[in-house]
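Reading through the structure tokens given below for one structure.
The values are calculated or read from the model by the stated rules, or taken from the named source; none is laboratory data. On a predicted model such as this, the values are computed, not experimentally measured, just so you know. When we count neighbours, we look across all protein chains shown, and the Cβ atoms used for this are built from the backbone with ideal geometry, even at glycine.
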Amino acid sequence: MNILTNLTRMWLTRSTKPFIFKSEYDQQLSFKTCSNLGLYVHIPFCKSICNFCPYCKVLYSKEICDIYIDHLIQEIHLVGNQCSDKKKVTSLYFGGGTPALVANRVSEIINALNEHFIITDGIGLELHPDNVTVEILSVLKNAGITKISIGIQSFQNKYQRILGRKIIDIDSIKKALRAVPFETVSMDFIFALPEQTFADLKFDIDTAFSLGANHIAIYPLIDFTFTDSNVKAMPKKEKRELLDSITTYCLNKGYSRSSIWTFSSEPEAKYSSMTRENFLGFGCSATTLLYDQFKINTFDIAAYCKRIDQQMLPTSLTLRFTQRQRMIYWLFWTIYSTKLNSRDFEQFFGVPLKNMYGFELWIAKKLGFLTENNGIYTMTLKGAFYYHYYENFYTLSYINKMWSIMRKEAFPDLILL
Ligand SMILES: C[S@@+](CC[C@H](N)C(=O)[O-])C[C@H]1O[C@@H](n2cnc3c(N)ncnc32)[C@H](O)[C@@H]1O
Ligand code: SF4
């Protein structure tokens, strides 16, 4: 697995140099001139912990959570004050953990961000199904949230049991969503669970849209080595058949594919905290992606607060990109949207895409992974499956390695990927 990702990395970056994450950081970040900048805020608290989940989170405690948010607001000002004028940003996403647990403090966080940034394309926030009540949704809506994403995982009791999650109360979700509408209502599902069939997923998809969702995300189960999960993902062939059936079903229904794993029933319904050219991340484990660097905040809540108390950024590791590394990063996340416009690449890097990756694109077309029309590349069903397949390797050899270290050490010296 590592050999495959390492060889691909060497080929595409034209270098044997790995991604080097060092325990260093810039107190001043180079975001002032960035176009297409997004914001991300991480809330690492959950009411119960799911054993399959890799994200940075701890069990909710009101006391620790309030202390954390006070520090998060300070981090926002530490970064935001670096820009004298208000900076235009596209979107803001709250992820976790379970950010809806801090619904009553969301407006305070948004107000802090509004002091430094002008958010143009709306604000998204993740909820656990338990948080989908008229009361919580109203608080979120009044705070300025325009998009919500609910972690359903499955509407079928059998799979909720396998995942160790509670049975979903479909009626109460329906009532709450009817009472408090949002521009985007997205629902998360996990597929490739043991014995899961297309009929199971069709039921999930149909139920989601009938309850008021206009966007769904169907993620393949990823078996991170550091989690306690004993649920094994499905073999490759069955997984591919399932992915192809779900995709064909959604496309035939007229839903558009907004990224590898997401489908929308309305063109304006969008939910993605990942496919952005540059972003600033706030909170534990949040990442920041800029033209020259990628940085990760510490996963440790106490260490995070201590750094902020010293008026220092809570960055744990920084990767300083070579140009080719940045290009690969850009391509990896852009193609996640299943579309790649060569003009966007040229605008971002100042060089034509064909000059840098003409040969690779030619092979991808020959292998039937991509089609091209006037410089716009579109991923085929086959391409989407192999992207997923490669992403799984990437996640298991890169993210798995990094997160398993970051969960144990607040500030590791060095990580090579
Ligand atoms: C932060 S959670 C969503 C909000 C809320 N905490 C919840 O669980 O309902 C983000 C999403 O990641 C997905 N996820 C978590 N662990 C996963 C795994 N091991 N493989 C695939 N998807 C996973 C789930 O679909 C989950 O809804
Ligand atoms: S899946 Fe959601 S609720 Fe479960 S541990 Fe992960 S973030 Fe928390």
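Considering L39, L59, L72, L101, the condition of being within 16 Å of ligand 2 (Cβ to nearest atom), of a type outside the set (F, W, Y) and crowded, with 19+ Cβ neighbours inside 10 Å is satisfied by L101 alone. Just to be sure, is V79 outside any loop (DSSP other than H, G, I, E, B), within 30 Å of I168 (Cα to Cα), modelled with pLDDT of 95 or more and of a type outside the set (S, T, N, Q)? So V79 does not fit the description; no.
Number of residues in the range 89-139 that are closer than 21 Å to D169 by Cβ and either hydrophobic (A, V, I, L, M, F, W, C) or more than 22 Å from the chain's Cα centre (by Cα) (or both) equals 13.
The criterion of at least 2 residues that are more than 22 Å from N297 (Cα to Cα) is met, among strands (runs of 3 or more DSSP E) falling completely within the range 329-417, by 339-341, 370-373, 376-379. Condition check: in contact (Cβ under 8 Å) with a residue 60 or more places away in the chain, within 16 Å of ligand 1 (Cβ to nearest atom) and of a type outside the set (K, R). Does T225 satisfy that? When the stated conditions are applied, T225 passes them.
Looking at this structure, is S91 away from ligand 1 (no atom under 16 Å from the Cβ), under 21 Å from N142 (Cβ atoms) and in contact with a Ser or Thr (Cβ under 9 Å, 6 or more places away or on another chain)?
yes
Take the range 1-48 and flag every residue that is within 16 Å of ligand 1 (Cβ to nearest atom) and over 19 Å from the mean Cα position of the chain (by Cα).
K47, S48
Take S149 and decide whether it is closer than 30 Å to F224 by Cα and surrounded by 18 or more Cβ atoms within 10 Å (Cβ to Cβ). Criteria met by S149. Of all the listed residues (I3, I64, I49, I69), the sole one being out of contact with any Pro (no Cβ under 8 Å at 6 or more places or on another chain), under 19 Å from L313 (Cβ atoms) and either assigned to a helix (DSSP H, G or I) or without any contact (Cβ under 8 Å) to a residue 24 or more places away in the chain (or both) is I69. Scanning the range 276-290 for residues that are under 12 Å from the mean Cα position of the chain (by Cα) and over 15 Å from L317 (Cα atoms) turns up R276, F279.
In the range 99-114, the residues that are closer than 15 Å to E75 by Cβ and among the charged types (D, E, K, R) never reach a residue that is more than 16 Å from ligand 1 (Cβ to nearest atom) and outside any helix (DSSP H, G or I) with C-beta atoms less than 6 angstrom apart, at least six apart or across chains. Taken together, the criteria exclude F209 from residues that are under 20 Å from the mean Cα position of the chain (by Cα) and modelled with pLDDT of 85 or more. Of note, K239 satisfies the criterion of being under 22 Å from the mean Cα position of the chain (by Cα) and either of a type outside the set (A, V, I, L, M) or at pLDDT below 95 (or both).
For K57, the stated conditions hold: it is more than 18 Å from F294 (Cβ to Cβ), of a type in the set (D, E, K, R) and within 13 Å of ligand 1 (Cβ to nearest atom).
Working only within the range 185-195, note down all residues that are surrounded by 19 or more Cβ atoms within 10 Å (Cβ to Cβ) and over 24 Å from the mean Cα position of the chain (by Cα). Matches in the range 185-195: none.
When F19, F52, F45 are checked against the criterion of being away from ligand 2 (no atom under 14 Å from the Cβ) and surrounded by 14 or more Cβ atoms within 10 Å (Cβ to Cβ), a single residue qualifies: F19.
Within the range 210-228, the set of residues being part of a loop (DSSP other than H, G, I, E, B) and within 16 Å of ligand 2 (Cβ to nearest atom) comprises L221, I222, D223, F224, F226, T227, D228. Out of the residues in the range 254-293 meeting the condition of being β-branched (V, I, T) and within 20 Å of L72 (Cβ to Cβ), tell me which one is surrounded by the most Cβ atoms within 10 Å (Cβ to Cβ). Per the stated criteria, the residue is T288. When E108 is tested against (1) surrounded by 14 or more Cβ atoms within 10 Å (Cβ to Cβ); (2) within 16 Å of ligand 2 (Cβ to nearest atom), exactly one condition is not met: (2).
This table checks each residue for (1) at negative phi; (2) out of contact with any Ser or Thr (no Cβ under 6 Å at 6 or more places or on another chain); (3) at pLDDT below 95; (4) buried (at least 16 other Cβ atoms within 10 Å of the Cβ).
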{"site": "S316", "(1), (2), (3), (4)": "yes, no, no, yes"}
{"site": "W333", "(1), (2), (3), (4)": "yes, no, yes, yes"}
{"site": "Y357", "(1), (2), (3), (4)": "yes, yes, yes, yes"}
{"site": "A384", "(1), (2), (3), (4)": "yes, yes, yes, yes"}
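Among the strands (runs of 3 or more DSSP E) confined to the range 114-176, the ones with at least 2 residues that are within 16 Å of ligand 1 (Cβ to nearest atom) are located at 123-127, 147-153.
Count of the range 1-46 residues, restricted to those that are in contact with a helix residue (DSSP H, G or I) (Cβ under 7 Å, 6 or more places away or on another chain) and charged (D, E, K, R), is 1.
Count of the range 165-184 residues, restricted to those that are surrounded by fewer than 16 Cβ atoms within 10 Å (Cβ to Cβ) and closer than 24 Å to F45 by Cβ, is 4.
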